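Notes follow once the structure below has been shown.
Nothing in this text is a laboratory measurement; each read-out follows from the coordinates by a stated rule. Owing to the predicted nature of the structure, the values given are computational and were not obtained by experimental measurement. Here the Cβ positions follow ideal geometry from the backbone for every residue, glycine too, while neighbour counts run over all protein chains shown.
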Amino acid sequence: MTHPIYHGRYAPSPTGRLHFGSLVAAVGSYLDAKAHYGTWQLRIDDLDRPRILAGAASDILKTLDAFGLHWDGPVVYQSARDDAYRAALDQLQAQHFIYPCTCSRREIADSATTGRDGLIYPGTCRDKPHHQPLHQHHHTRNTHSAALRLRTAHAHIQFEDGLFGPQHCQLEHEYGDFIVQRADGMYAYQLAVVVDDHAQGITDIVRGADLLDSTPRQCYLQHCLGYPQARYMHLPVAVNSQGEKLSKQTLAIAVSARQPVTLLNTALTFLGQSAIETNDVDDLTNFWPQAIHQWQRTRIPSVRTQSAPALV
């Protein structure tokens, strides 16, 4: 029996230690990949260097390993991939897809409307003439006078989410022309993840529903760069009692692998799956084959957010 090619990934940002919400995303993406006889790769999304916590990346790797979440192939670090992002910008520039924008946040706020994911850029700089290179070959902060935006024109994006079904988006009206390189020279998240996913051969992206609104922009970038469009599924995001996403900022507690099966079963039930019965809270050898065998997408709650269990 043959199976469709499936290459999945997990891409945490090392801004802190793994908490229950990030463990849920890791478990869901891992199980979906393995249930489809696919690979599960690991990337550290350390693009936003000022937000990176020293030692967090190595701590994430150790924690995943302690839970038996073993990745395929080498770990990729975004911080080592500036040349790839620069090449993608060169390609977009050659195709006249990008333009410099010197608008301040206040200027944008004064004339913008609100869309799905914040203010919609009104296109102020879209047709202005420019007489300097669109981007520099260095990344010293505060050396760039302009951000780079991607022209969305009249793009209509469609994709089928594995949990939320058909998605449609008119980019210009719902998001506007979006930034692919910031004015300080930092490459934008939307550009970096698209370039990285393509380079790693990722076919399927399973991640939290807080990123569902990023997907139309990423699909459009895939189209502009000539990449195949990935398949997506967005999982419920764990929130605290105040309805806030678990994160370093909301003081989410780091997960402990002292009793890995107990916490993994909590993640499974959060995702609508049955807990795995084992005689030992450390018995990962038997846990993962059973969890993979019973994994069913149709049992995942089709909600964007869900309260985390009180014990986490």
Near H7, within a Cβ-to-Cβ distance under 15 Å, what is the net charge of the other residues, with Lys and Arg +1 and Asp and Glu -1? 0
Given backbone amide H placed at 1.01 Å from N, residues whose amide H is under 5 Å from that of S247, ignoring those fewer than 5 places away on the same chain, are A252
Round to the nearest 10 and give me the degree value, 0 to 90, for the angle of helix 20-35's Cα axis relative to the longest principal axis of the chain. 80
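Dividing the Cα convex hull volume of segment 86-192 by residue count, how many Å³ per residue is that? Display every interim value, and only then the final one.
Working: hull volume 13.0 nm³, N = 107.
Value for segment 86-192: 122 Å³ per residue.
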Compute the helix-to-body angle for 260-270: its Cα long axis versus the longest principal axis of the chain, expressed 0 to 90° and rounded to tens. 60
Cross-link candidates for K62: which aspartates and glutamates have Cα within less than 18 Å, leaving aside residues fewer than 8 places away along the same chain? D45, D46, D72, D282, D283
In terms of modelled amide H atoms, which long-range or inter-chain residues lie less than 5 Å from the amide H of I44? V76, Y77, Q78
Given 25 °C and 0.890 mPa s, how large is the Stokes-Einstein diffusion coefficient of the chain in µm²/s, with Rh as the Kirkwood radius over Cα pairs? 118
The Rg/Rh figure for segment 217-256, Cα atoms and Kirkwood Rh, to two decimals is 1.24
Could you pull out which residues in segment 87-125 have an amide N less than 18 Å from a spot 7 Å beyond the Cα of R49, following the Cα-Cβ vector? 87
Isolated Cys residues of the chain, judged by Cβ distance under 4.7 Å to other cysteines: C103, C169, C219, C224
Working from Cα positions, state the angle (0 to 90°, nearest 10) between the long axis of helix 215-224 and the longest principal axis of the chain. 60
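Using Cα pairs under 8 angstrom and six or more residues apart, how large is the relative contact order of the chain, in percent? Mind showing how you got there, number by number?
On the way: 544 pairs, mean separation 68.5, N = 312.
Dividing the mean separation by the residue count of the chain yields 22 percent.
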Other-chain or far-sequence residues with amide H under 5 Å of R9's (modelled H): Q41, V206
